[in-house]
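Scroll down for the structure; my scribbles are underneath it.
The values are calculated or read from the model by the stated rules, or taken from the named source; none is laboratory data. Keep in mind the model is a prediction, meaning the values are calculated, not measured. Backbone-built Cβ (ideal geometry, glycine too); neighbour counts: all protein chains shown. Quick note on the areas: whole protein, heavy atoms, side chains included, nothing else; ligands and nucleic acids left out. Shrake-Rupley method; radii C 1.70, N 1.55, O 1.52, S 1.80 Å.
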Amino acid sequence: MNKPSQSVSKIEMSPLPIFIAVFSFFALSACSSSATTAPETAASCSTPFRLFVRQNYNITNCRKLATLGAEFAWELIPGNRSQFQVIFGARLSDDVAWVAWGVNPTRPKMVGTRAMIGVRDLATGLFRVAPYNVTWQTRKRCGLHPNWGIDVEFRNASMEYLSGIDYYAMRATVGLPSAAAMAGSTYNVSRLNHVWQVGYSAEGMEPRIHPVSDLQHFDSKETIDLRTGAVRLQAGRHRRYLRTVHGILSMIGWGTILPVGAIIARYSKFPVEAGYPRWFLAHKSCQLVGYAMGIAGWILGILLGNSSVLYAMKVHRLYAIFILAFATLQVTALFFKPGKGDEYRKYWNLYHHFLGYGLLSVIVINNFKGIAILKPNYTWKWAYIGILACLAGVALAMEMWSWIKFMKMKKESNGIIRPNYQVPTSSSTYGKAPSTAGGEQLEHK
């Protein structure tokens with residue numbers, strides 16, 4: 001007689017995990033469609049900030065930036081394409097020590113940015129604004145140095161707290177190098193690379209590095225046309241989309257299809273009594289499809305982590321490596337399962353059973369960590385909680401059915417079942433009817 005693994009290998013995959021994968025594909029397509037069709041035009045400023053810049057400085061161009069709750073207003077000086085007024089503001093918490101805004105002559109990135117940084121002394125409440133050149137040394141946490149190689153002017157720079165709207169605002173008249181008025185220049189108001197930041201620590205009036213655990217700080221850069229207000233390149237937009245894909249693949253693959261496979265393995269033999277090899281085919285298919293989607297999300301996560309080395313989420317990554325290693329072990333074990341008569345079968349069952357449940361626990365924890373890192377709207381979190389609640393509800397219902405059916409069988413057996421009889425679990429022998437501790441088969445009257 002052939003071993004179960006040999007007969008099952010000739011059967012096609014169950015349609016259940018394929019259906020779940022197709023459903024998730026359409027959900028992912030809808031998400032990517034909404035992301036890619038989002039307009040590139042700038043979002044309008046909040047009403048209080050827009051009224052402040054218009055009434056006090058007669059500035060009409062104003063937009064809400066993509067990250068950090070920041071807003072940006074500007075006005076080109078008539079007859080001079082290399083100068084413009086700028087106001088950068090945000091509603092920030094009391095422990096904020098500094099805000100920064102600057103321009104980059106090459107690309108929208110931190111290194112190479114000529115910035116004005118407004119520092120608030122947390123002890124005295126005093127403000128100071130100074131120009132800085134953000135260099136590679138700064139990225140290596142060597143500190144900032146004012147006025148090092150600055151080719152951009154920040155005239156009449158100042159910072160204030162707007163108590164009426166609870167904002168910190170920094171303003172200046174920006175003067176780009178005179179060559180910026182020429183075609184093909186390094187700086188161009190029609191394609192201006194600008195970067196913004198906030199930080200929470202300073203030594204006196206010296207700003208210290210901003211947090212590296214929040215990806216919003218990594219995405220705070222874009223290319224804008226100051227003449228029209230159109231965003232030509234939102235540097236973090238592509239990465240945010242890839243993070244969304246990574247999150248959905250992980251939540252559907254690791255966090256949904258694998259648990260479905262575990263539920264099938266535990267309850268299909270008893271109380272459902274689906275029969276072998278149908279339940280094993282469904283279980284195996286779920287594990288393979290979930291594993292494939294999880295692997296795709298894992299690879300994408302590694303690529304995203306390598307693109308932002310300073311923002312590598314170490315705990316999230318360690319959990320992900322653990323999940324990959326033991327999920328690979330679990331899937332591989334399906335192809336090397338001992339036969340029914342093998343003396344090591346019971347040990348394999350125990351290992352596969354308990355490692356699987358432990359792995360699912362780590363997957364749930366890491367998925368919530370990923371949601372906390374991405375900081376999407378609350379729909380993500382509650383959607384995943386809803387998925388887990390549904391899976392837990394199904395498992396609880398099946399567990400109750402198992403015990404109800406067991407008690408009914410015990411009653412009908414008229415005492416044939418001994419007290420130490422246990423409900424068959426996923427580690428039970430496949431295809432056998434429940435038996436007593438002494439090996440006697442249950443008999444229905």
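Values computed for the structure shown
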{"quantity": "Residues of region 157-177 classified as over 17 Å from Tyr132 (Cβ atoms) and among the small types (Gly, Ala, Ser), total", "calculated": "3"}
{"quantity": "Thr186 vs. criteria at pLDDT 90 or above, among the polar types (S, T, N, Q) and at negative phi", "calculated": "no"}
{"quantity": "Residue check, Leu391 crowded, with 16+ Cβ neighbours inside 10 Å and touching a Pro at 6+ places or on another chain (Cβ under 8 Å)", "calculated": "yes"}
{"quantity": "Failed item in (1) open to solvent by less than 40 Å² (accessible area, probe 1.4 Å); (2) at pLDDT 85 or above, with Arg128 passing the rest", "calculated": "(1)"}
{"quantity": "Scope region 229-246; condition open to solvent by 50 Å² or more (accessible area, probe 1.4 Å) and in contact with a Ser or Thr (Cβ under 8 Å, 6 or more places away or on another chain); matching residues", "calculated": "Arg232, Leu233, Tyr241"}
{"quantity": "Residue ID - farthest from the chain's Cα centre (by Cα), chosen from residues in region 338-370 that are open to solvent by less than 20 Å² (accessible area, probe 1.4 Å) and within 21 Å of Val260 (Cβ to Cβ)", "calculated": "Asn349"}
{"quantity": "Options Leu215, Leu226; residue that is open to solvent by less than 30 Å² (accessible area, probe 1.4 Å), under 30 Å from Thr113 (Cα atoms), modelled with pLDDT of 80 or more and not acidic (Asp, Glu)", "calculated": "Leu226"}
{"quantity": "Residue list for region 275-300, restricted to those being over 30 Å from Lys408 (Cβ atoms), open to solvent by 20 Å² or more (accessible area, probe 1.4 Å) and not polar (S, T, N, Q)", "calculated": "Lys284, Leu288, Val289, Tyr291, Ala292, Met293, Ile295, Ala296, Trp298, Ile299, Leu300"}
{"quantity": "Residue in region 49-56 that is assigned to a strand (DSSP E or B), under 31 Å from the mean Cα position of the chain (by Cα) and crowded, with 21+ Cβ neighbours inside 10 Å present", "calculated": "no"}
{"quantity": "Cross-chain or 6+ apart pairs with Cβ under 8 Å, region 236-263 first and over 30 Å from Met400 (Cβ atoms) and β-branched (Val, Ile, Thr), then open to solvent by 20 Å² or more (accessible area, probe 1.4 Å) and modelled with pLDDT of 90 or more", "calculated": "Val245/Leu300"}
{"quantity": "Candidates Val272, Val315, filtered to the one that is of a type in the set (A, V, I, L, M, F, W, C), at pLDDT 85 or above, open to solvent by 50 Å² or more (accessible area, probe 1.4 Å) and touching a helix residue (DSSP H, G or I) at 6+ places or on another chain (Cβ under 8 Å)", "calculated": "Val315"}
